[in-house]
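Data block below; observations after.
The values are calculated or read from the model by the stated rules, or taken from the named source; none is laboratory data. Note that this is a predicted model, so its numbers are computed, not measured. Here the Cβ positions follow ideal geometry from the backbone for every residue, glycine too, while neighbour counts run over all protein chains shown.
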Amino acid sequence: MFLKNCWYVAAWDYELIDGKMLARTLLNENVLLYRGDSGEVIALNNRCPHRGALLSDGRREGDDVRCMYHGIKYNKDGRCLQIPGQDMIPPKLRVRKYPIVESARLIWIWMGDPARADRTLIPEYAPLHDPKWRGLPAYLHYDANYLLIVDNLSDFSHLAFVHTNTLGGSEEYAYVTKPVVVEKQERGFRVDRWHMNSEAPPFHKKVIRDKDARVDRRNHVTMLIPGIFYMETTFTPAGQGAEKGNLENAREYRNCQYMTPETDRTTHFFWVYLNNFEGTDTTISASLLDSLIEGFLEDKAIIERQQKTLEEDPNFQMLGILADAPLAHFRRVLDKLIQAEQEPPAGTVPAAAGAAKQTSLA
Amino acid sequence: MFLKNCWYVAAWDYELIDGKMLARTLLNENVLLYRGDSGEVIALNNRCPHRGALLSDGRREGDDVRCMYHGIKYNKDGRCLQIPGQDMIPPKLRVRKYPIVESARLIWIWMGDPARADRTLIPEYAPLHDPKWRGLPAYLHYDANYLLIVDNLSDFSHLAFVHTNTLGGSEEYAYVTKPVVVEKQERGFRVDRWHMNSEAPPFHKKVIRDKDARVDRRNHVTMLIPGIFYMETTFTPAGQGAEKGNLENAREYRNCQYMTPETDRTTHFFWVYLNNFEGTDTTISASLLDSLIEGFLEDKAIIERQQKTLEEDPNFQMLGILADAPLAHFRRVLDKLIQAEQEPPAGTVPAAAGAAKQTSLA
Amino acid sequence: MFLKNCWYVAAWDYELIDGKMLARTLLNENVLLYRGDSGEVIALNNRCPHRGALLSDGRREGDDVRCMYHGIKYNKDGRCLQIPGQDMIPPKLRVRKYPIVESARLIWIWMGDPARADRTLIPEYAPLHDPKWRGLPAYLHYDANYLLIVDNLSDFSHLAFVHTNTLGGSEEYAYVTKPVVVEKQERGFRVDRWHMNSEAPPFHKKVIRDKDARVDRRNHVTMLIPGIFYMETTFTPAGQGAEKGNLENAREYRNCQYMTPETDRTTHFFWVYLNNFEGTDTTISASLLDSLIEGFLEDKAIIERQQKTLEEDPNFQMLGILADAPLAHFRRVLDKLIQAEQEPPAGTVPAAAGAAKQTSLA
């Protein structure tokens, strides 16, 4: 059960170059994504309603698409334009269209009721729109439910054990630091965590000169519904008072991660790790990309094994520790939103039912 | 749910050479096929009733077969002949035998009530028995329900889009031609479709001299229960009056295809494409075999993806267009026959129940 | 449904060298096995109760183990010793521990109620403790329920057909020999079978000088709950009166096999084939190991196909012959024990329920 009425990242813009017809399963639905000749990004249900052939195996014609089984053609709104050998077009023969917004190289999709697709609901992030922040966008596929990745990002003590030699730096991170602020929000949470007078972690050492200098490290996390993670990381010379606002000679990063359910047990993971100090080439970004992939693969091994464990024994109940407060809050908030979506207030037209109707039609 | 009381193609005769013990699943049942020393083709349930070992892993002894787990031996009727170390043979220890008819290199099997296995019910096709028609028999395996292949063959507008560069020739086929006759029959349908003054399609061009000559093309299709397809194809010089019966200098083909369910989601596909103009060598047949395989693989990609789509969303309802009238008729006829088989008229001994009893015994 | 309150072989001791953290599924439960610095073999449920990460991916610290996701540490009894960043340890955060006994290089595990784990219930076998009996321990994995292997070992007529050219020697074994004693026991059965004046089977010929000498062959089988097989095999010069106790110049073997369910459809198969005549090198044992593997792979092919056949048609009922009396008895005894375990006498605390409670906690 997924939250439908919200924006998810469906793709990076670079996945739609050269007329590519991208077939991508999102929230268990098979979606066709392509950029029409007009430049608009179009998302349609990927199934021809006639015999179920994939439209992504079809032919793009301008902004339209033609199924290449029996030649039936649909426009960018999913309306049928042509049935070869038949003049009358039945109105039921149409494909579901999904609202799309393109912003800062991200293709956002709305899988719920189209009438509620308000683009101001996109959780925009300023650094993505600011040219001084630079990074290389990337994608990973997880064989795990997206919430297990959200969980992972909600407790940074795992940096100490999973990422000792990559993103973390030492087990000390778990023993001597704690979140100083855990703020529960209406659609997510915020966590602030400092590691004073510490050694720089490996990924950071790779892109700085003075690798031995002690640093005050700050990770400032924001997690938002449905699975959007922003983190500001700052390394400041140790002891100069970063915690009081002195950011002289700081090195800063901005981490953006988007978890979009593919199916109940798999996830699309979009991310970009930004820095503001590399200048005009991409040397720093390339190093950070490699480091982050190295770290994410460490997470991925654990998280995918967790998924298997949960599937092997559906009765297994995870036991919370204090550090799980943020993730527990996030799951509670999400459950409430999903429940509200499934059971709309009496007297209203149920949005979810309307969406479901469209699905079965498409 | 399959129609049981009818003939299906189980194999080509060439699959049973050199004493081969062929294990083949048909209508979800594991069947052993072999040619005994007497020359008779024998079909038995492939499971030893003792511990379930495969008889196809056993040893053929004349017309008999011995399970090579504990050495139990059965004759061609499935009767137990020997239990090593035991004198008394319990009558329940027997293997189900299936009626077989060999005709025109095809091995036909009857999976229903043996008492109703009447060989005159085999939908024979004269060209298969006429030495002037020549072709190379072949087999393909589909990861798709057999009815999706029947559907495919029921609407020839797909030639235009799926087979443009192989069997079809151009998209024009879908835009300018329509079936001229659609005849619904008690156990299938017949469709007649002409494409006047057209370019010859690629597969035909490969085996004729004057590749540029315009032709009047006729495809005359017959589809029969449970999934048997015969098609007469004629290419006549354009404009000479083929539609009025003038077949001078015509090139003719006879297409025979047999779809036999392996399981609910897989199919055995037997076929041979006949011509009457190659003389004594097999050059023409070999070219046509290659062309047809090329074309069938185009279908197979689409049909197997359809199967996946239907499995991914069992609620998906396909929406018919006018061209689907023949396939809709076929499915209605088949459904009625299956239903009649499941619910026999009151007062009679149910045939299906009798068959089921035999199955559980075997 | 497995019998829980009994000892199963979990591993050979050589599988736990060099601090190896062995993850092994036993009776559908994922178990971590390791030898602590103290020398004790420890078995814990392999799932960290916090987020379900595998403890086998963790780090052994002396006799303790630390989960390397968030660093939580457990002792050899499954008690939590440390949660990094948290002082209070909730008592519910503990891992299930399984009783272990190490004996004659075998690691025995008790998967049921720990309070009932009595080490005198282990079905010990004297030759394993006697240095004059020598052999090379080995392991095979079966894609089949363990009872199908028990079945296989319960009727030796299969030697004639499955192992004609390896362990059996000829089909004669099935035709001319029968069990002389079949003794049903409270927790298993015993079978005695002689093959007088016979050719030596291939595996035995490989390790003796006079390969043409006729022998009187005796196989004396004991099968015990839950799936433990011991067999004494004797080859005596033909006609000298072995059946009356004259074992002069006999060659003897002792066969030990342990079938432990991994899942409902897979099995761990531990075995060692002992001889008492090789002296100080392992030449004979190495030859016997190869021969036995060769023979077991013949069984494995049949047994794994049986498993598939049973899964393909859950309604298939196997039909017994006279030789199935021992295996039928074994299954009856086992079923009764399992039933008794599931439905304890009124007025007592149900052991199985207690075990289940512990499982869900772990």
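(1) within 14 Å of chain C (Cβ to nearest Cβ); (2) of a type outside the set (S, T, N, Q); (3) more than 22 Å from residue A:25 (Cβ to Cβ): which one isn't true of residue A:144, the others all being true?
Only one criterion in (1) within 14 Å of chain C (Cβ to nearest Cβ); (2) of a type outside the set (S, T, N, Q); (3) more than 22 Å from residue A:25 (Cβ to Cβ) is unmet by residue A:144, namely (3).
Quick test of your reading of the structure: residue A:133 fulfils all but one of (1) under 27 Å from residue B:151 (Cα atoms); (2) in contact with a helix residue (DSSP H, G or I) (Cβ under 6 Å, 6 or more places away or on another chain). Name the failing condition by number.
(1)
List the helices (runs of 4 or more DSSP H) that sit entirely inside the stretch C:147-215 and contain at least 2 residues that are within 13 Å of chain B (Cβ to nearest Cβ).
Output list reads C:158-162, C:172-176.
Among A:88, A:111, which is over 30 Å from residue A:253 (Cβ atoms) and in contact (Cβ under 8 Å) with a residue 40 or more places away in the chain? Give the derivation first.
Details: A:88 fails: in contact (Cβ under 8 Å) with a residue 40 or more places away in the chain.
Among A:88, A:111, only A:111 is over 30 Å from residue A:253 (Cβ atoms) and in contact (Cβ under 8 Å) with a residue 40 or more places away in the chain.
Looking at this structure, is residue A:306 under 28 Å from residue C:264 (Cα atoms) and either modelled with pLDDT of 95 or more or assigned to a loop (DSSP other than H, G, I, E, B) (or both)? Spell out the reasoning first.
Numbers: under 28 Å from residue C:264 (Cα atoms): yes; either modelled with pLDDT of 95 or more or assigned to a loop (DSSP other than H, G, I, E, B) (or both): yes.
Against the criterion (under 28 Å from residue C:264 (Cα atoms) and either modelled with pLDDT of 95 or more or assigned to a loop (DSSP other than H, G, I, E, B) (or both)), residue A:306 qualifies.
Given the criteria under 25 Å from residue B:68 (Cα atoms) and of a type in the set (D, E, K, R), does residue C:187 qualify?
Working: under 25 Å from residue B:68 (Cα atoms): no; of a type in the set (D, E, K, R): yes.
The answer is no for residue C:187.
I need every pair where a residue in the stretch C:231-256 that is within 14 Å of residue C:192 (Cβ to Cβ) has its Cβ under 9 Å from the Cβ of a residue that is acidic (Asp, Glu) and in a loop (DSSP other than H, G, I, E, B), sequence separation at least 6 or different chains.
Filtered contacts from the stretch C:231-256: C:242/C:248.
Assuming residue B:253 fulfils every condition listed in (1) aromatic (Phe, Trp, Tyr); (2) more than 18 Å from residue B:295 (Cα to Cα); (3) surrounded by 19 or more Cβ atoms within 10 Å (Cβ to Cβ) apart from one, which condition is it?
Among (1) aromatic (Phe, Trp, Tyr); (2) more than 18 Å from residue B:295 (Cα to Cα); (3) surrounded by 19 or more Cβ atoms within 10 Å (Cβ to Cβ), the lone unmet condition for residue B:253 is (2).
Could you say which residue among B:51, B:66 is in contact with a strand residue (DSSP E or B) (Cβ under 6 Å, 6 or more places away or on another chain), of a type in the set (D, E, K, R), under 23 Å from residue C:162 (Cα atoms) and without any contact (Cβ under 8 Å) to a residue 24 or more places away in the chain?
On the way: B:51 fails: in contact with a strand residue (DSSP E or B) (Cβ under 6 Å, 6 or more places away or on another chain).
None of the others qualify; the one that does is B:66.
So which residues in the stretch A:225-254 are within 25 Å of the chain's Cα centre (by Cα) and of a type in the set (Gly, Ala, Ser), if there are any at all?
A:227 - this is the single residue of the stretch A:225-254 that is within 25 Å of the chain's Cα centre (by Cα) and of a type in the set (Gly, Ala, Ser).
Please work out which one of (1) surrounded by fewer than 22 Cβ atoms within 10 Å (Cβ to Cβ); (2) modelled with pLDDT of 95 or more is the condition residue B:211 fails and give its number.
It is condition (2) that residue B:211 fails.
I need every pair where a residue in the stretch B:128-140 that is closer than 18 Å to residue B:252 by Cα has its Cβ under 7 Å from the Cβ of a residue that is in a loop (DSSP other than H, G, I, E, B), sequence separation at least 6 or different chains.
What qualifies is B:128/B:104; B:129/B:104; B:132/B:276; B:133/B:276; B:134/B:278; B:136/B:282; B:137/B:105.
Check whether at least one residue in the stretch C:75-86 is within 9 Å of chain A (Cβ to nearest Cβ), of a type outside the set (S, T, N, Q) and more than 26 Å from residue A:315 (Cα to Cα), and report yes or no. Please lay out each step first, then the result.
Restricting attention to the stretch C:75-86, the residues satisfying the condition of being within 9 Å of chain A (Cβ to nearest Cβ) are C:83-86.
Checking which are of a type outside the set (S, T, N, Q) leaves us with C:83-85.
With the extra rule that they be more than 26 Å from residue A:315 (Cα to Cα), the set shrinks to C:84-85.
Yes, there is a match, as at least one residue in the stretch C:75-86 is within 9 Å of chain A (Cβ to nearest Cβ), of a type outside the set (S, T, N, Q) and more than 26 Å from residue A:315 (Cα to Cα).
Looking at B:313, B:324, can you tell me which residue is more than 21 Å from residue B:269 (Cα to Cα), surrounded by 18 or more Cβ atoms within 10 Å (Cβ to Cβ) and facing chain A (nearest Cβ under 9 Å)? I'd like the intermediate steps shown before the answer.
Working: B:313 fails: surrounded by 18 or more Cβ atoms within 10 Å (Cβ to Cβ).
Unique residue meeting the criteria: B:324.
State whether one or more residues within the stretch A:118-128 are modelled with pLDDT of 95 or more and under 24 Å from residue A:54 (Cα atoms).
Here is the first cut: in the stretch A:118-128, the residues modelled with pLDDT of 95 or more are A:118-128.
Those left that are additionally under 24 Å from residue A:54 (Cα atoms): none.
No, every residue in the stretch A:118-128 fails to be modelled with pLDDT of 95 or more and under 24 Å from residue A:54 (Cα atoms).
Given the criteria in contact (Cβ under 8 Å) with a residue 60 or more places away in the chain and not assigned by TED's automatic domain parsing to the domain that holds residue A:261, does residue A:71 qualify?
Details: in contact (Cβ under 8 Å) with a residue 60 or more places away in the chain: no; not assigned by TED's automatic domain parsing to the domain that holds residue A:261: yes.
In short, no.
Within the stretch B:87-112, track down each residue that is of a type in the set (A, V, I, L, M) and more than 13 Å from chain C (Cβ to nearest Cβ).
Keep residues of the stretch B:87-112 that are of a type in the set (A, V, I, L, M), which gives B:88-89, B:93, B:95, B:100-101, B:104, B:106-107, B:109, B:111.
Residues satisfying the conditions are B:100, B:101, B:104, B:106, B:107, B:109, B:111.
Which condition from (1) charged (D, E, K, R); (2) under 30 Å from residue C:234 (Cα atoms); (3) modelled with pLDDT under 95 is the one that residue C:102 breaks?
It fails just one condition, (3).
So in the stretch A:32-70, with the set limited to residues that are charged (D, E, K, R) and under 25 Å from the mean Cα position of the chain (by Cα), which one is farthest from the other protein chains (Cβ to nearest Cβ)? Give the derivation first.
Kept after step one, since they are charged (D, E, K, R), are these residues of the stretch A:32-70: A:35, A:37, A:40, A:47, A:51, A:57, A:59-61, A:63-64, A:66.
Next, from what is left, pick out any that are under 25 Å from the mean Cα position of the chain (by Cα): A:35, A:40, A:47.
Values: A:35: 23, A:40: 25, A:47: 6 Å.
So the residue we want is A:40.
In the stretch A:145-188, which residue that is over 25 Å from residue C:73 (Cα atoms) and crowded, with 21+ Cβ neighbours inside 10 Å is nearest to the chain's Cα centre (by Cα)?
The qualifying residue nearest to the chain's Cα centre (by Cα) is A:146.
Quick test for you: out of A:29, A:15, pick the one residue that is out of contact with any Lys or Arg (no Cβ under 8 Å at 6 or more places or on another chain) and buried (at least 18 other Cβ atoms within 10 Å of the Cβ). Please lay out each step first, then the result.
Working: A:15 fails: buried (at least 18 other Cβ atoms within 10 Å of the Cβ).
A:29 is the lone residue from the list that is out of contact with any Lys or Arg (no Cβ under 8 Å at 6 or more places or on another chain) and buried (at least 18 other Cβ atoms within 10 Å of the Cβ).
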